[in-house]
Structures are given as C-alpha cells and as structure tokens.
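Asks: The structure's right below; bear with me while I get my questions together.
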Amino acid sequence: MTARTAPGAEATAHFARGAMLYDASRLGQPSGEVFEREYWRQRGALEETAGGRGTIAFVTHAPSRWVLRHYCRGGLMRHLSRDAYLWTGADRARSFQEFRLLRQLVDWQLPVPVAVAARYVRTGRSYRADLLTEELPTRRTLTQALREGPLPEVRWRELGRLVGRLHARGVHHADLNAHNLLLGEGEAVYVLDFDRGRVRERGAWEQAVLRRLRRSLEKVTSGLPPDRFGATQWQWLLGGCAS
C-alpha cells in the first residue's frame, strides 16, 4: 500500500451512457474497465470478501491497493431494485457526491478513504454507480474488535474524538455504525461509507447520529459478555466526542 498523499486534480471522462470523475494523480488513463470486477479478475488482481449489502472487492493497481464498491440499495427499496437509482442529474449521482465529499474530508485531514474514481451508467431514467477508493491501513472493523474482546478506555475515547471531529466540521454521516468504523495500529481509527453523507450546519442531527451508533453497538454486542459495551463504554465515547 502506498503512503497516504493529498488528492490530485479532479478530472472528468465521458462515455456513451455515463461519465466518471477521477483523481488525475492516481488514475492517469481513465477507463470504465477499472469499475468492472472481471477486468481485475483476469489480471489476477481481485480479492472479494463478504460485507455490507454484497461483496467488497479489493484490487491491486501496483503499487496501490484499492477498494471497489458497487452501490446497492438497502431497506424496502432493495425489493424493487437491487442497484438502480432515479436519475436526477450528474451532480446528484450518489457516487459523484461521495467522491467529492471524500476529497473535502481528506483536505480537512480526517481519517477517511482517499477517493480514486467514481462512475455512473445511465439506463433510461435510472442509473447505476460505482466508487473506487484507496484501501485504508486496516480492515478490522469495530464489530470484529468487539467480538474478539473488550476495548480499553483509550480506544473508546479515540472513537468519540473521531465523531467529534466530523461534527465539528458539520459532516453528517448518514449511517455511522460499528461496521464502518475501523481500528488501526495504536490508537488509530478510521471511518468508511459516506454514501448520502453531506456537510451541513451543526444541529440536532448530531444526536441522531450518536443514537444510531449506540443502537448499532448494542446490536453487535448482543449476547456477548457485558464488558464489550455498556453505559461505561458509551460514556467514554461521549467524553472523547466532547474533548
């Protein structure tokens, strides 16, 4: 994995039924093929793991490691369409919005993935979307860590500080949960999945984000020993958030 560097210039490429945004310093020759798993599979550069609403693809583009995500629906809408979204304009395509938000967050030195490229492909009044990001230094989710054992107070406070840093910038994470918080070496923590995220004025939404996170923590630790998560750990996290 290459060292984390600042984003390069945003560039655009157009195709017959869609377009892509890309970081010109990371993807010199734009091609829609980089969003196709078969393209990487044929080169022996694809690794797939289960996660989220489907599988996560890790691809090797020497010397870098990237993560390829295809946007899939959740909730009741997934019964109507697995991955098609209503077309309302390029700037409102979910992949383009997340690409640009990640670039802003990296500029603010927040611990999030670096965006490499984003694509949409239109079919009539709908579109499908994909996103390429640089792989972070760890794949260990908070969920996995809690299943392995209790976390020390310092870890909970670092998680809280991360949430506090996001909120101090007005960053609204639409689905902050134990699956998209990652634990790295030492006290390092990272956050993934900014689909539907945005920057907005600070307000009551911050408490809603925290409530969602607490529900997630309660769910993933249900049935585990009580030292994995409870009132004490939550207060540690809130203390970090306020610091």
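Asks: Using only helices, what value at 222 nm comes out for the chain when you add -39,500 (n - 2.57) per DSSP H run of length 4 or more and divide by the total residues, to the nearest 500 deg cm²/dmol? Display every interim value, and only then the final one.
Replies: Details: 6 runs with 70 residues, N = 243.
About -9000 deg cm²/dmol.
Asks: Defining a contact as two alpha carbons under 8 Å apart and six or more residues distant in sequence, what relative contact order in percent does the chain show? Working shown, then result.
Replies: Details: 408 pairs, mean separation 43.4, N = 243.
Relative contact order, the chain: 18 percent.
Asks: Determine the relative contact order of region 145-243: mean sequence separation of Cα pairs under 8 Å and six or more apart, normalised by residue count, in whole percent.
Replies: Working: 124 pairs, mean separation 45.4, N = 99.
Across region 145-243, relative contact order equals 46 percent.
Asks: Same structure again: Compare the Cα positions of Ala45, Thr60, His70 along the charge dipole of region 12-73 (+1 at Cβ of Lys, Arg; -1 at Cβ of Asp, Glu; about the Cα centre) and return the one farthest towards the positive end.
Replies: Going by the Cα projections, it comes out as His70.
Asks: Sort 88-95, 40-47 by the packing proxy (mean of other Cβ within 10 Å over each peptide's residues), most packed first.
Replies: Values: 88-95: 15.4, 40-47: 13.6.
Ranked from most to least packed, the peptides come out as 88-95, 40-47.
Asks: Count the net charge of all other residues whose Cβ sits under 10 Å from the Cβ of Thr60, scoring Lys and Arg as +1 and Asp and Glu as -1. Don't skip to the answer; put the middle values down first.
Replies: Numbers: positive: Arg43, Arg65; negative: Glu47, Glu135.
Charge balance in the 10 Å sphere: 0.
Asks: Also, I was wondering about something else. Taking the Cα centre of region 87-242 as the origin, how large is its charge dipole in debye, to the nearest 20, when only Lys and Arg (+1) and Asp and Glu (-1) carry charge on their Cβ atoms? Could the numbers behind the result be given before it?
Replies: Numbers: 26 positive and 18 negative charges, 134 e Å.
Rounded to the nearest 20 debye, it is 640 debye.
Asks: Can you tell which of Ala84, Thr141, Val121 lies farthest toward the positive end of the dipole of the chain, using +1 and -1 charges on the Cβ of basic and acidic side chains (Lys, Arg; Asp, Glu)?
Replies: Of Ala84, Thr141, Val121, it is Ala84.
Asks: Karplus couplings for region 32-37 from phi (6.51 cos²θ - 1.76 cosθ + 1.60, θ = phi - 60°), rounded to Hz, Gly and Pro as x?
Replies: Once θ is set to phi - 60°, the couplings for region 32-37 become x, 4, 5, 9, 9, 4 Hz.
Asks: In Å³ and rounded to a whole number, note down the convex hull volume per residue for the Cα atoms of region 106-243. Mind dumping the intermediate values first?
Replies: On the way: hull volume 18.5 nm³, N = 138.
Roughly 134 Å³ of hull volume per residue.
Asks: Mind checking the log10 I(q)/I(0) for region 167-229 at q = 0.13, 0.15, 0.24, 0.30 Å⁻¹? Debye, one equal scatterer per Cα, no solvent, two decimals.
Replies: -0.41, -0.54, -1.09, -1.26
Asks: Please give the helix 205-220 orientation as an angle from the longest Cα principal axis of the chain, in degrees from 0 to 90, rounded to the nearest 10.
Replies: Long axis of 205-220 versus the principal axis of the chain: about 80 degrees.
Asks: On the first, second and third principal axes, largest extent first, how far apart are the outermost C-alpha atoms of region 111-160 in Å?
Replies: Result for region 111-160: principal-axis Cα extents of 51, 20, 18 Å.
Asks: Using the Cα centre of region 10-134 as the reference point, and only Cβ charges (+1 on K/R, -1 on D/E), how large is the resulting charge dipole? Debye, rounded to the nearest 20. Write down the numbers at each step before the final one.
Replies: On the way: 19 positive and 13 negative charges, 103 e Å.
Taking the Cα centre of region 10-134 as origin, the dipole is about 500 debye.
Asks: Separate question: Report the dimensions of region 35-176 along its three principal axes from the alpha-carbon atoms, largest first, rounded to Å.
Replies: So the three principal-axis extents are 51, 37, 33 Å.
Asks: Please list, in chain and number order, the residues 5+ apart from Val114 or on another chain whose amide H is under 5 Å from its amide H, with Hs placed from the backbone.
Replies: Long-range HN contacts for Val114: Glu134.
Asks: If N is the number of residues in the chain, what value comes out of its Cα radius of gyration divided by 2.2 N^0.38 Å?
Replies: Values: Rg = 18.3 Å, N = 243, 2.2 N^0.38 = 17.7 Å.
Ratio of Cα Rg to 2.2 N^0.38 Å: 1.03.
Asks: In addition: On a 0 to 90° scale, report how tilted helix 94-107 is relative to the longest principal axis of the chain, with both axes built from alpha carbons and the result rounded to the nearest 10.
Replies: Once rounded, one gets 60 degrees.
No value in this document is a laboratory result; all are computed from the given coordinates. Because the structure is a prediction, the values reported are computed rather than measured. Virtual Cβ from ideal backbone geometry, glycine too; neighbours counted across all protein chains shown.
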